[in-house]
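Read through the structure below, which is laid out as structure tokens, and then see the notes.
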Amino acid sequence: MASMKTQIVRSVSQMQKLSRILAAKGKRIGIVPTMGFLHEGHLSLIRSAKKSCDVVVVTIFVNPAQFAPNEDFAKYPRDEKGDIAKIKSAGGDIVFIPKASEIYPRSFQTYVSVEKLSEILEGTVRPGHFRGVATIVAKLFNIVRPDVAVFGMKDFQQAAVLRQMTLDLSYPIKFIVAPTVREKDGLAMSSRNKYLQTPQARNEALCLYRALREAKKLVTGGMTKSEDIRKVMTGRIRTICPSAEIDYIAFNDFKTLDTMSSVTSNTVCSLAVRLHGVRLIDNMRLK
Ligand code: AMP
């Protein structure tokens, strides 16, 4: 479908109609759900979807249901024009930009909750967050009816929650988790990096990546106990960014999210840190 012009769709019924037509033509549909303000990380997901799909639908929706009242919903960065241009350049075929009033009409009352996997890590700090994420993605799956869905490792718990939802709700969708794209110096790309407004904040934000690299080095050197690794990482973060507040440094199985007291081949180390008024997350597979 390389010759197809990128199409902008704003209504649910139009998207449903288009998906049905494409499916009837035997086209393989990929979906890349996003909240917009796109960067190279998002674009890598589009390219990844493109490899196994005829048509890639990129959705842009800042989902109010996944933000708590004290979070950054209102000030979440938006750039629809820029996003559409980037999606075109990455080979996206359809941009679905639904209205909040159509996704969540006044009468809305049905939510999707992935119970166990949502309760830990980000879930302890952001209660209700994954219920909002699972609900919007279930709705997008129902509207777009994709064959393939691509999510980023950057949000590895989100990927685990949504993989479980895909299984539990019997969606016939191939679930792909694509690697985290980083800036040259290692900072994981994120729409929220825009909030790092001073050079000092930008520099000190590197403490997450540096701590993860340190963890990986320790594991390569033979250290396996999560608690020992966590201590070194905490010290590393404090040295780089003395004002940092660490929400958690965790060691979990990649798929089940079981807590790992020692590191094995499927262990992901993830962390959430607040610095200079910004909350950042990152993670790395340690072996
Ligand atoms: P968001 O717009 O932040 O909701 O992210 C939309 C999708 O892009 C999610 O699947 C994220 O995991 C993914 N994503 C965000 N940042 C990155 C990154 N740096 N590398 C790869 N994927 C990413």
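Values for this structure:
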quantity: Filtered residue count, segment 175-205, keeping only those that are within 15 Å of the ligand (Cβ to nearest atom), farther than 23 Å from residue 76 by Cβ and of a type outside the set (Val, Ile, Thr); calculated: 5
quantity: Cross-chain or 6+ apart pairs with Cβ under 6 Å, segment 34-45 first and closer than 13 Å to residue 194 by Cβ, then within 6 Å of the ligand (Cβ to nearest atom) and in a helix (DSSP H, G or I); calculated: 37/191
quantity: Residue in segment 12-22 that is among the polar types (S, T, N, Q), within 13 Å of the ligand (Cβ to nearest atom) and surrounded by 21 or more Cβ atoms within 10 Å (Cβ to Cβ) present; calculated: no
quantity: Residue 6 vs. criteria hydroxyl-bearing (Ser, Thr, Tyr) and within 10 Å of the ligand (Cβ to nearest atom); calculated: no
quantity: Hits in segment 261-276 (condition: farther than 17 Å from residue 157 by Cα and modelled with pLDDT of 95 or more); calculated: 261, 262, 263, 264, 274, 275, 276
quantity: Entirely in segment 73-172, the helices (runs of 4 or more DSSP H) that have 1 or more residues that are within 16 Å of the chain's Cα centre (by Cα) and either within 17 Å of residue 57 (Cβ to Cβ) or at pLDDT 95 or above (or both); calculated: 115-119, 122-125, 129-144, 156-168
quantity: Flag if residue 51 is open to solvent by 30 Å² or more (accessible area, probe 1.4 Å), modelled with pLDDT of 95 or more, within 16 Å of the ligand (Cβ to nearest atom) and assigned to a helix (DSSP H, G or I); calculated: yes
quantity: Filtered residue count, segment 54-71, keeping only those that are open to solvent by less than 20 Å² (accessible area, probe 1.4 Å), more than 12 Å from the ligand (Cβ to nearest atom) and under 19 Å from residue 136 (Cα atoms); calculated: 2
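The values are calculated or read from the model by the stated rules, or taken from the named source; none is laboratory data. Everything quoted here is computed from the prediction, not taken from an experiment. Cβ coordinates were reconstructed from backbone atoms using ideal geometry, including for glycine residues, and neighbour counts include every protein chain displayed. Just so you know, the surface numbers come from the protein's heavy atoms only, side chains and all, with ligands and any DNA or RNA stripped out. Shrake-Rupley method; radii C 1.70, N 1.55, O 1.52, S 1.80 Å.
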